[in-house]
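The values are calculated or read from the model by the stated rules, or taken from the named source; none is laboratory data. Bear in mind the structure is a predicted one, so any value in this text is a computation, not a measurement. Quick reminder, even Gly has a Cβ in these numbers, built from the backbone with ideal geometry, and neighbours come from all protein chains shown. The accessibility values were calculated without ligands, DNA or RNA, using every heavy atom of the protein model including side chains. Shrake-Rupley method; radii C 1.70, N 1.55, O 1.52, S 1.80 Å.
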Amino acid sequence: MQKYNYFCTFAGGMNIRDHQILKIALPSIVSNITVPLLGMIDVAIVGHMGSPVYIGAVAVGSMIFNLVYWLFGFLRMGSSGLTSQALGGRELTEVTRILVRSMTVALGIAFLMIVLQVPLKGLMFWLIGPTVDVTPYASTYFNIVIWGAPASLGLFSLLGWFIGMQNTRFPMMISIIQNVVNIMASLLLVYGFGLKIEGVALGTVIAQYAGLLMALGLLFRYYGRLRQYLVMKGTFVREAMGRFFNVNRDIFLRTLCLVAVNLFFTSAGARQGAVILSVNTVMLQFYLFFSYFMDGFAYAGEALGGKAYGAHNRIVFRMTLRRLWMWMLIVTSAFTLLYIIGGQWIVGLLTDEAQVIETSSDYLFWAWLIPAAGCVAFIWDGIFIGLTATRGMLVSSFVSALVFFGVYGMTVDVMGNHGLWLAQVTYLAMRGILQTIWYRFRLINTI
């Protein structure tokens, strides 16, 4: 592999080509697809331990850390946008400083999580409410996996920095290696040493640190020349840290809005009984599968859009945006057609419960609307992160969340679970609409 060319230019001079978008999007899609595989392997391992409480413990523990780490996803997104802009402006000293800032904040948060692990565990158990038989095993899982926080959060910063440097191959490689290490370590610890839930938890932690070590190895191997640009003086000055925290604060609050909607959607479905909860869970997989692909193009928007913005190159930026819209239409059309033709078949793959399959047929048309409703927000999220226009992301998510709760409140008595899905689809579409308006009136003239 050749050394990264820090001053690489866009192919064709002022022309952005589709292969540049795909070069970033495709590895990101592969990385996204490996994420659910990791959870499936853990469930498969504990599913053969002889008791359902092990499955419940891993489900609860995984949910806790997925939720907590999702809230700190700003470490990846903030690093990506700021780094891509600095790279576009050829500010290599700032490129290195961004990584140092982000890693410092990540490790600081991880340290606080470890120090405050007892109240954190109590809060999360209170929110999720695991059953009495599951709680001890979930607690064991939590007590072990919490020590992987420095690796997980540090890796967020490194992955965001890599994406900002126009490199999504490294995140893909790291994700694949993490999965392989997790599988091997968990199998060895569970079946070789008989550690059961402790083995699964330790396997997760080992994989997290393996990913961090691999990321650091790739950083020093292929970006080692950047050390000559690292000047610690000025790294933590008030102005630079203020911008860093302003960007990340907006992303954090925006994520809280997303979490609130998702948690309410799940709880509202649960209140309607086990069948409806199962139907909604299965139906949400349609959105998640679509998001794995669209996130890849969002990452391309972060990297390429941010770099063009940092270079003050309006022509390349707008050309990038037009090509992203084209790919959005292609992917959205393909998934809509797939869901219309094969939706019932996909449900059958996800569950063999006859009542769930039968009931889902009444709601399947909502899955047809998901790609069209959600696609615009994915592209704008990537572009807004690249521009570090995070206030627009926060405002659009907050207002859309209010719309979600408003639509649900007005329709639930008449439409039941259909009202919940109407609120969800409206929420997805509203985010894209509001971001389009924000771009049109607040950003377009700044680029």
On the protein heavy atoms, probe 1.4 angstrom, tell me the percent of accessible surface of region 161-213 carried by carbon and sulfur.
79 percent
Sequence gap at least 6, Cα distance under 8 Å: using those rules, report the relative contact order of region 110-181 to the nearest whole percent.
35 percent
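If I take every Cα pair under 8 Å that is 6 or more residues apart in region 389-447, average their sequence separation and divide by the length, what percent do I get for the relative contact order? Walk me through the numbers before you get to the answer.
Numbers: 34 pairs, mean separation 22.7, N = 59.
Over region 389-447, the number comes to 38 percent.
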Between the modelled labels at S333 and N246 (7 Å from Cα along Cα→Cβ) the distance in nm is 4.1 nm
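Working out 0.36 nm times the residue gap between R440 and I33, then minus their Cα-Cα distance, what length gain in nm do you get to one decimal?
Values: separation 407, 0.36 × 407 = 146.52 nm, distance 3.31 nm.
Gain on stretching R440 to I33: 143.2 nm.
In nm, what is the difference between 0.36 nm times the number of residues separating N262 and M415 and their Cα-Cα distance?
Details: separation 153, 0.36 × 153 = 55.08 nm, distance 1.94 nm.
Net length gain for the segment: 53.1 nm.
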Theoretical ellipticity at 222 nm over the chain - DSSP helices of four or more residues, -39500 (n - 2.57) apiece, nearest 500:
-27000 deg cm²/dmol
Taking 0.36 nm per residue of separation and subtracting the Cα-Cα distance, what length does fully extending L107 through A274 add?
56.1 nm
Ordered by packing density, taken as the mean number of other Cβ atoms within 10 Å over each peptide's residues, highest first, how do 262-269, 440-447 rank?
262-269, 440-447
For L112, the accessible surface traced by a 1.4 Å probe with all protein chains present amounts, in square angstrom to the nearest 10, to 100 Å²
Report, to the nearest whole %, how much of the accessible area of region 358-447 belongs to carbon and sulfur atoms, 1.4 Å probe, protein only.
68 percent
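Counting only heavy atoms of protein chains, what accessible area per residue, in Å², does the chain have with a probe of 1.4 Å? All intermediate terms of the calculation are to be shown ahead of the outcome.
Working: 19680 Å² over 447 residues.
Here the per-residue accessible area is 44 Å².
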For region 284-352 and region 153-208, compute the distance between their C-alpha centroids and round to whole Å.
26 Å
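Find the lysine pairs in the chain meeting two conditions, Cα atoms under 30 Å apart and a separation of 8 or more places or different chains, and report how many there are.
Details: K3/K23; K3/K233; K3/K307; K23/K307; K121/K196; K233/K307.
Lysine pairs, 8 or more places apart or on different chains, close enough: 6.
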Against the empirical 2.2 N^0.38 Å scaling, what ratio does the C-alpha Rg of the chain come to?
0.98
Return the FRET efficiency for the residue pair L123, Q285: r is the Cβ-Cβ distance, R0 is 25 Å, and the value is rounded to the nearest 0.05.
0.35
Cβ neighbours within 10 Å, averaged per peptide: list 216-222, 25-31, 74-80, 319-325 in order, most packed at the top.
74-80, 25-31, 319-325, 216-222
What is the spin-label model distance, in nm, from F398 to F365 if the labels are put 7 Å beyond Cα along the C-beta direction?
3.6 nm
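Could you tell me the relative contact order of the chain? Use alpha-carbon pairs under 8 Å, at least six residues apart, and round to a whole percent.
RCO, the chain: 22 percent.
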Report, in cubic angstrom per residue, the convex hull volume of the C-alpha atoms of region 224-323.
179 Å³
